[in-house]
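K.L.:
Here's a structure for you.
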């Protein structure tokens, strides 16, 4: 349980890190600390507080939060290695560690190379992967997951829900990558009005930035549609499954908030708090979709040795995790 | 036999000469002797000048106070934006005026004296300036706070450096002509500056009176360009004879 709480803390810290990263971009502070890994020649952790001024406040805070998250993921990976019986979960910990290290290096490179778009976009996109990894770890170490959500009977194995949820997850991620591209190519206000586009339903003129911005708006419509289909499936067929119903309701709330924030980002000419909230809400839509998708697939995962699922009275079948579990127990 | 010996001697001599020539070239590149100083090709006896005034027609946006609360050490309550500075008579300040075309292949000596770009009161001083390609720019931090100096040219090498202490200096050289190279401080968003990098000494920046003068021009026909960070560019063609001075006014409108 303690491991799960720690994984939750790590996942929540990743969300904070993404918000801080959003603030760096939204305030144009990415190059306010020109060196890396040092800060103006100081060792990062000894950079004087009185120098946290202007853009440095955002950039340096982002670096320190990133270091903290990196440390938390390091601890999490080793904790999983020591205590987690499932091999794939232990591996997930080290994948998350590798991802966050890569993420840190990308962050450093993008500063040293003056924010080249491909690196910055990769940095933004990998951040979402790190968030997904920490969220997945938090989910699969939770008591509910271990118990196969069996309080209300066996976990459903709804192929249609699994397919549509997976497609929605992919769509949300693509939409976030398009958003990151829009953000880092400075196309956020390429279409300056909302809901119209230059006063029309479709832009009456085009350039690459307008095309990227347009793609993000079309992507928002596609994501919303897919989410409605996915959550509709839950509402129609799995209303009695709280593990599916709760993330579905949350998704509807989040996507409504996200569209509102997207509109306000344009209408406020990219006010930096609104803009950054749009980034972190997008990430929240992604991981909530991920949670729903994983839970929809729960029946396809194996059992966890020593879990409380046995008291739920569900018919448990031995899953592929047992080999890993045995190895973990030996460790 | 004698002819054969002569041909052999000639061949050996040729090879030796070629080797010497190649070797000489290698030595030259190895020592990389500096190019001979280029003498100013302008004859002072015939040099003329182009002068003028840059004005703004219309109602200019007034300079806005700069909010510097994000860094208490900036302490410059009087600071105002410098992008559009128009005097009561319409004189437009901070316009970079230079000879864009007409100098042909003339080359001019590059000043070795550094031009100082100061960061003072969390503003760049000067806001607009010019240098010759190859002329050093000394970047100085006169403030009690730290700055990063981020130049983002299109042709020259981009750089971003930090100056964390008051009195710090760094020198940078732009090697290629470029109109204009922007500087900005990412710590203090309001700080920006522009440098015009040209291949010759015929440039000026208008002061509060909007006036400029390009002195020492050889007789010829020139394209003169005036650049302003908000209003874009204006060009004019002018022909000057020996010892002649021509007036070339520019007018921008908002």
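Read-outs: derived from the displayed coordinates by stated rules, not from any lab. Values in this document were obtained by computation on a predicted structure and should not be read as measured data. All Cβ positions, even for glycine, are placed from backbone atoms using ideal geometry, and neighbour counts span all protein chains on display.
K.L.:
Do the sum for the protein assembly as shown: with -39,500 (n - 2.57) for every DSSP H run of n ≥ 4, divided by all residues, what is the mean residue ellipticity at 222 nm, to the nearest 500 deg cm²/dmol?
P.N.:
-15500 deg cm²/dmol
K.L.:
Where does helix A:272-296 land angle-wise versus the long Cα axis of chain A, in degrees 0 to 90, nearest 10?
P.N.:
Once rounded, the angle reads 20 degrees.
K.L.:
Which of A:246, A:82 has the fewest other C-beta atoms within 10 Å, and how do the rest follow up to the most?
P.N.:
Fewest-to-most Cβ neighbours within 10 Å comes out as A:82, A:246.
K.L.:
While we're on this one: Other chains near A:55-67: what is the mean number of their Cβ atoms within 10 Å of each residue's Cβ?
P.N.:
The per-residue average across the peptide is 2.
K.L.:
Now for a separate question. Which value in Å is the Kirkwood Rh of region A:149-300 over different Cα pairs?
P.N.:
16.2
K.L.:
Over region A:231-302, what lengths in whole Å, largest first, do the semi-axes of the equivalent ellipsoid take, defined as the square roots of 5 times the eigenvalues of the alpha-carbon gyration tensor?
P.N.:
30, 13, 7
K.L.:
Per residue, how big is the convex hull of the protein assembly as shown when only Cα atoms are used? Give it in Å³.
P.N.:
Once divided by residue count, the hull of the protein assembly as shown is 271 Å³.
K.L.:
Apply 1/(1 + (r/R0)^6) to the Cβ-Cβ distance of residue A:152 and residue A:74, taking R0 = 35 Å, and write down the FRET efficiency to the nearest 0.05.
P.N.:
FRET efficiency, residue A:152 to residue A:74: 0.40.
K.L.:
Do you know the relative contact order of chain A, to the nearest whole percent, from alpha carbon pairs under 8 angstrom that are 6+ apart?
P.N.:
That works out to 26 percent.
K.L.:
Comparing A:185, A:135, A:260, which has the greatest mean-square fluctuation in the GNM of chain A with Cα pairs linked when under 10 Å apart?
P.N.:
Looking only at A:185, A:135, A:260, the largest GNM fluctuation is found for A:260.
K.L.:
Related question: Measuring from centroid to centroid over Cα atoms, what is the spacing of region A:201-229 and region A:1-62 in Å?
P.N.:
Using only Cα atoms to place each centre, the spacing works out to 31 Å.
K.L.:
Per residue of B:62-75, what is the mean number of Cβ atoms on other protein chains within 10 angstrom of that residue's Cβ?
P.N.:
Counting Cβ atoms of other protein chains within 10 Å of each residue's Cβ and averaging gives 2.
K.L.:
Can you pull a Stokes-Einstein diffusion coefficient for region A:1-102 at 20 °C (1.002 mPa s), Rh from Kirkwood over Cα pairs, as a whole number of µm²/s?
P.N.:
Once the numbers are plugged in, D ends up at 145 µm²/s.
K.L.:
In addition: Can you compute the equivalent ellipsoid semi-axes for region B:170-238, i.e. the square root of 5 times each eigenvalue of the Cα gyration tensor, sorted largest first and rounded to whole Å?
P.N.:
Rounded to whole Å, the semi-axes are 26, 16, 11.
K.L.:
Further, regarding this structure: Taking the number of other C-beta atoms within 10 Å as the exposure measure, put B:227, A:196, B:190 in order starting with the fewest.
P.N.:
In order of increasing Cβ crowding within 10 Å: A:196, B:190, B:227.
K.L.:
Where Rh is the Kirkwood radius over the Cα pairs of region B:48-253, the temperature 25 °C and the viscosity 0.890 mPa s, what D in µm²/s does Stokes-Einstein return?
P.N.:
The diffusion coefficient I find is 137 µm²/s.
K.L.:
I want the antiparallel fraction of DSSP beta bridges within region B:48-253, as a percent rounded to 5.
P.N.:
Percentage antiparallel, nearest 5: 75.
K.L.:
For q = 0.12, 0.21, 0.24, 0.25 Å⁻¹, what log10 I(q)/I(0) does region B:82-157 give under the Debye formula with an equal point scatterer on each alpha carbon and no solvent?
P.N.:
For the requested q values the scattering log ratios are -0.50, -1.18, -1.28, -1.30.
K.L.:
Still on this structure, please answer the following. In percent, what relative contact order does region A:163-241 have, based on Cα pairs under 8 Å that are 6 or more apart in sequence?
P.N.:
Across region A:163-241, relative contact order equals 42 percent.
K.L.:
Would you tell me the mean number of C-beta atoms belonging to other protein chains that fall within 10 Å of each C-beta in A:41-54, as a whole number?
P.N.:
3
K.L.:
Which order results if A:59, B:229, A:243, B:244 are arranged by neighbouring Cβ count within 10 Å, fewest first?
P.N.:
The fewest-first ordering by Cβ neighbours comes to B:244, B:229, A:243, A:59.
K.L.:
Would you please put A:149-159, A:10-20 in order of how densely packed they are, using the mean number of other Cβ atoms within 10 angstrom per residue and starting with the highest?
P.N.:
Ranked by mean Cβ neighbours within 10 Å, highest first: A:10-20, A:149-159.
K.L.:
Decide, for region A:45-87, between rounded, prolate and oblate: order the square roots of the alpha carbon gyration tensor eigenvalues as a ≥ b ≥ c, take rounded if a/c falls under 1.5, and otherwise choose prolate if a/b is larger than b/c, else oblate.
P.N.:
prolate
K.L.:
Taking every DSSP beta bridge with both residues inside the protein assembly as shown, roughly what % is antiparallel (nearest 5)?
P.N.:
Of the beta bridges lying entirely in the protein assembly as shown, close to 75 percent run antiparallel.
K.L.:
Please compute the alpha carbon radius of gyration of chain A, then divide it by the globular-protein estimate 2.2 N^0.38 Å. Two decimals is fine.
P.N.:
Working it through for chain A, the quotient is 1.07.
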